[in-house]
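Visitor: Quick one: this structure, given as structure tokens, is what I'll be asking you about.
Here, each number is a calculation from the coordinates, and none is a lab measurement. No experiment lies behind these values; they were computed from the predicted model shown. Neighbour counts run over all protein chains shown; Cβ positions are idealised from the backbone, glycine included.
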Amino acid sequence: MSAPTTTAVAGALPVADGAETFRFARGLLAGKRGALALVFVVLLVGAALGLAVPWGFGAMVDVALDGHGYPDVLRIGGLMAVAAIASAAFTGIGIVLSARLFETALARLRESMVGAALRLSQARVEDAGSGDLVSRATDDVGAVSQAISRGVPALARSGFSVAVTVAGFAALDWRFLLVVLVVLPVYVLGARMYVRTAPPVYRSERAAMAERAHHMLGSIRGLPTVHAYDLMDRASLRVGDGSWRVVRWSMRARIVQNRLFGRVNLAEFVGMATIVVLGVALVDGDVVTVGAVTTAMLLFLRLFGPIGALLMVMDDIQSAGASLARIVGVIGLGEAEAAGPAPSGEVDVSDGPPRVEVDGVAFGYGGGRRVLDGVTVRLEPGETVAVVGTSGAGKTTLAALIAGVHVPAAGTIRIGGTDLETLPDSAAPVLLTQDVHVFAGTLAEDLRMAAPSASDADLHAALERVGAAEWVALLDDGLQTVVGAGGHALTPQREQQLALARLVLLDPPVAILDEATADADSADADALEEAAQAALAGRTALVVAHRLSQAARADRVLVMERGAVVEQGTHDELRHAGGRYAQLWAAWSRHR
């Protein structure tokens, strides 16, 4: 799949065009043509058997007018009942078969979406805003899910019902097809109007939902900052404005729907009036019986449900089409990023951890002012280097560049002599930030996210290494304790120990901790620093230090100011040098 290029807003994730979306939808059912044909055949038989009811009522009218007795009426009623039961059975079987087919396709869609989202670079997601990706993974997948699970089977059933009903008109008398010729233009004009006007409205509605999600996530994630700076009103206003934009586009979508339904009601009136006038003329001319006209009216009434369902399905499918285009845009982008140049470099870690070299690196977010400019740093094999400095000095940016989150605007970064951009995954640096996550599931499943083949002994060893084995042993279910959303709540310290244990299991040659233990209370700080030191043993490591006690434990310290390294050396060397680090240490020592 080629990467879609259509986007609504600069920096936003792409939206696939119609052709790309159709090819992807067709690909979801690749190899399932036989199953799809079986579903259609079963639903078609069910729709055809449903014609027995209006035909039976028409026959009953003729029997009654001819003066026949109850036996004929009962016989016709019995046949109607058998046909109705058979129709329901075939329709039910068709629904089950279609659910199995389309739910499988939906599962493939979800897997593709999640896989593509995980392949996107962090820089790409941040540029678009996390709300855009979250909205596509939730609102858009939900809309497509509803259309696939409910809309597509309804579309098939309703379409077959309309087709066999038209065939029923022809079987009664070819003149009844005039009804179809009269009402068809009304339906077609209404549908054309809807198909022309609905897609852009739904696309705009989905984009407004993504913007609202972006503002909501930003406000929730930054809640402490919002409270600290008394920004509640401003945050509420942004979310409110985004919500009202969703409301306005949703109202426009409902207006488009109402115009469509108005044309449908007009078509129903025209059709019934045509049948009445035509039926009277045909009965008066002894062309058809009263029972045949009754059957024609019942057949037309029978169309109301399928046509209404078709229109409702059309509404769902138009909305789902806009959503699917947004999903396919992400999938195409993920595949394009995954299909980039294959890592061609090699790093030999058999002799120990590699050297990290940062030469003349410069970087600015969004192509703006450079927050790093000409930074040159060496991390010797197996060395732990701490980075300290005031807020905004460029510490986190340097860590993100070495981790490969961002690409330098200038300069190079090499791991073991190999350019970072060509580094194989097995040698890629691993970044651990203070925003640790506990995956929903058992403790063992959480740990095995880093090493799927790890044994229980491996898990216990990793926990022991970071000082977590004792509290895990006290849990009633041990490694089988359910954690994460809805599970056993872990303290911030234990969450961070769990993240460090995953780092041990992943066993990268280069590790980067960006204030990964910053959230610990002072009582837990020493224990977490020891856990981090144990996790980093045997690796080349960069530690963005929140507390200077972390810097004191490091082999070497870098001091950054305004995007540049202004001092470097051991803790003792810098503390006695009387420079910037000495000032930071004195200030920190007074307030700890």
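Visitor: At Ala461 and Arg26, where each label point lies 7 Å from the Cα along Cα→Cβ, what is the point-to-point distance in nanometres?
Guide: Going from the Ala461 label point to the Arg26 one covers 5.3 nm.
Visitor: Post the alpha-carbon centroid distance, region 169-234 to region 52-90, in whole angstrom.
Guide: When both Cα centres are located, 43 Å separates them.
Visitor: Going by the alpha-carbon gyration tensor, a ≥ b ≥ c the square roots of its eigenvalues, is region 394-469 rounded (a/c under 1.5) or, if a/c is not under 1.5, prolate (a/b greater than b/c) versus oblate?
Guide: It comes out prolate by the Cα gyration axes.
Visitor: Which value, in debye to the nearest 20, gives the size of the charge dipole of the chain about its Cα centre, when Lys and Arg are +1 and Asp and Glu are -1 at the Cβ?
Guide: I would put it at about 2240 debye.
Visitor: What FRET efficiency comes out for the pair Leu178/Ala64, r = Cβ-Cβ distance, R0 = 30 Å, nearest 0.05?
Guide: 0.65
Visitor: Where the convex hull is taken over the Cα atoms of the chain, what is its projected area averaged over directions, in nm²?
Guide: Computed as one quarter of the Cα hull surface, the answer is 35.3 nm².
Visitor: Now for a separate question. Report Rg(Cα)/(2.2 N^0.38 Å) for region 356-591, keeping two decimals.
Guide: 1.04
Visitor: So, one more: Of Ala409, Val166, Ala143, whose Cα points farthest to the positive end of the dipole of the chain (charges on the beta-carbon: +1 Lys, Arg; -1 Asp, Glu; origin at the Cα centre)?
Guide: My answer, from the dipole projection, is Val166.
Visitor: Still on this structure, I have one more. Would you mind telling me the antiparallel percentage of the DSSP bridges in the chain, rounded to 5?
Guide: 50
Visitor: If you put +1 on each Lys and Arg Cβ and -1 on each Asp and Glu Cβ, how big is the dipole of region 18-338 around its Cα centre, in Debye rounded to 20?
Guide: 740
Visitor: Let me have the 222 nm mean residue ellipticity of the chain computed from DSSP H runs of 4+ only, each contributing -39500 (n - 2.57), with the sum over all residues rounded to the nearest 500.
Guide: -21000 deg cm²/dmol
Visitor: Is the shape of region 89-237 best called rounded, prolate or oblate, per the rule: a/c under 1.5 gives rounded, else a/b larger than b/c gives prolate, else oblate, with a ≥ b ≥ c the square roots of the Cα gyration tensor eigenvalues?
Guide: prolate
Visitor: Turning to a different aspect of this structure: Given the C-alpha centroids of region 242-271 and region 351-383, what is the distance between them in whole angstrom?
Guide: Taking the Cα centre of region 351-383 as reference, the centre of region 242-271 is 57 Å away.
Visitor: While we're on this one: Hey, what did the chain get for relative contact order, percent, Cα under 8 Å, at least 6 apart?
Guide: 16
Visitor: Which residue, chosen from Ala296, Gly579, Gly78, occupies the Cα position most advanced towards the positive end of the dipole of the chain, where the dipole is computed from +1 (Lys, Arg) and -1 (Asp, Glu) charges on Cβ about the Cα centre?
Guide: Highest projection toward the positive end goes to Ala296.
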